[in-house]
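Worksheet: the structure to be examined is printed underneath.
The values are calculated or read from the model by the stated rules, or taken from the named source; none is laboratory data. Since the structure is predicted, the reported quantities are computational estimates derived from the model, not experimental observations. We place every Cβ from the backbone using ideal geometry, glycine too, and count neighbours over all the protein chains shown.
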Amino acid sequence: MLKNARRTMMAVLCTAVAVLAQETMEPTVEGRLLSILRARGVIDASEYTELSALEKEMRGGADLERQVNALVAGMQDAAPKLARKAGKGFEFATADGKFSMTLGGRIQTRATWNNFENADDKFNFAVQRVRIGLDGQVFDASWKYKVIFDASGDKVTAGASTSTASFTALREAWLEKSISKAVNVRMGQYKTPYSRQWLASSGGQEFVDRWVGHGTFAQNYQPGLMLHGMTGGEKSDLFEYYAGVFNGNGLNVQQTSGGDNRVLEVVRVAVNPFGGLKYSECDFAGGDFKAAAGLNVWSSNDPAFDKADRSFGGDLTLAGHGLYLTGEWHDRSFANGDPDNNGWFAQAGYFVVPGTLEVGLRYATWSREGATTGIDNVSEILGVVGWFADGHNLKIQLDAGRVETDNLGSTPDMEEFRVRLQASMIF
């Protein structure tokens, strides 16, 4: 019995030593211990042989388990990572974090009812926007890229009906090198940095769409080169700037020999006295107030004239405690002598149910100074109710109000009451 007890004790001791050896990575500890015990007569030859065989068996199993665990861990570490980023899409990234790609999209469907005073009513359903995009980094976080396609096509009118062309338009495609938060260089096609509301995504608007004069002053997407960054303050987000040069011919249009040969120069500066404020409308956070003030200017030479088209504008925004206030004003002159355009808008929104139900109001107007024909003035006053299930990522908006267009000459004025219902999803 004593002999059996001693064998059991030695087996337990060898097991403990094997575990210790596995943790300390000492491959000969068990064998050395058995040799010492044999030399001191604690165990006899047959016991030494038996326990040595058991030690080898145990060590083989421990080594195999360790090797399998290491192999599995290595495979897990080397496998690409997949994660969902709210409002951005699905991100694929290498294990070392050097390369990443986020694939996402946006769908906006809209129903519009127009009640005209001097014409028949109209009712339309439309797939307003279908955007598919990918962005990420290559080699390291300082090299970024972005590509966005518009799959909704262009609206084409044929007779009394309007259809959508079946092709995809390239909206954005750019590469960017980040030297620091204050210095970033971007080249490709993207939004010209003019007007805060234009820089905010169409999927991040407080109303169904931007203000009525937006297309008169902002310069759409353009191919070009831009320097931008933020600096100052505790988080280096007190001041921000954008300075770029673009083709100036519009979306996906390149300069050609003997062609338009425009050059569009755009500069925007902004200050955020209480910290950076995102280019997205509505105050979902409901925290302390933040404010932003910006100035923009663009100039585009017109080869047919000695002058350039120019626009100057500014914006003010305040957001906090569920309240969002923003407004802009702009003034544009034309090289060809067309009447100057000026316009402004102001809008306010407030979450009556924090982060979920918002109501808002907007007034906007733009006019052509000294015009003798065509449009003289356009104005809109709209109210909106928005329901947000997941911020701007899933929302339903209903806006309604009066839009008036004053015309000059023989063209009659147009007055309408417009109602728009839009469902928007970002994934």
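Here is how the numbers come out for the structure above:
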| read-out | value |
| --- | --- |
| Criterion: at pLDDT below 95, loosely packed, with under 13 Cβ neighbours inside 10 Å and not small (Gly, Ala, Ser) - qualifying residue of Phe116, Phe99, Phe167, Phe149 | Phe167 |
| Residue within the range 348-370 that is over 29 Å from Ser410 (Cβ atoms), surrounded by 20 or more Cβ atoms within 10 Å (Cβ to Cβ), among the hydroxyl-bearing types (Ser, Thr, Tyr) and touching a residue at least 24 places away in the same chain (Cβ under 8 Å) present | no |
| Test: residue in the range 369-383 that is among the charged types (D, E, K, R), part of a strand (DSSP E or B) and in contact with a strand residue (DSSP E or B) (Cβ under 6 Å, 6 or more places away or on another chain) | yes |
| Matching option when the condition is under 20 Å from Ala200 (Cα atoms), assigned to a strand (DSSP E or B) and assigned by TED's automatic domain parsing to the domain that holds Ile107, among Gly355, Gly360 | Gly360 |
| Matching residues in the range 392-423 - criterion: being modelled with pLDDT under 95 and either in contact with a Cys (Cβ under 8 Å, 6 or more places away or on another chain) or among the hydrophobic types (A, V, I, L, M, F, W, C) (or both) | Leu408, Met414 |
| Residue tally, condition surrounded by fewer than 16 Cβ atoms within 10 Å (Cβ to Cβ), in contact (Cβ under 8 Å) with a residue 60 or more places away in the chain and farther than 30 Å from Gly87 by Cβ, over the range 376-412 | 1 |
| Count of the range 277-308 residues which are closer than 19 Å to Glu328 by Cβ, in contact with a Lys or Arg (Cβ under 8 Å, 6 or more places away or on another chain) and of a type outside the set (Val, Ile, Thr) | 8 |
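Quick grid of which residues meet (1) within 17 Å of Ser201 (Cβ to Cβ); (2) under 21 Å from the mean Cα position of the chain (by Cα); (3) among the aromatic types (Phe, Trp, Tyr):
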| site | (1), (2), (3) |
| --- | --- |
| Asp288 | no, no, no |
| Leu295 | no, no, no |
| Ala308 | no, no, no |
| Tyr324 | yes, yes, yes |
| Trp329 | no, no, yes |
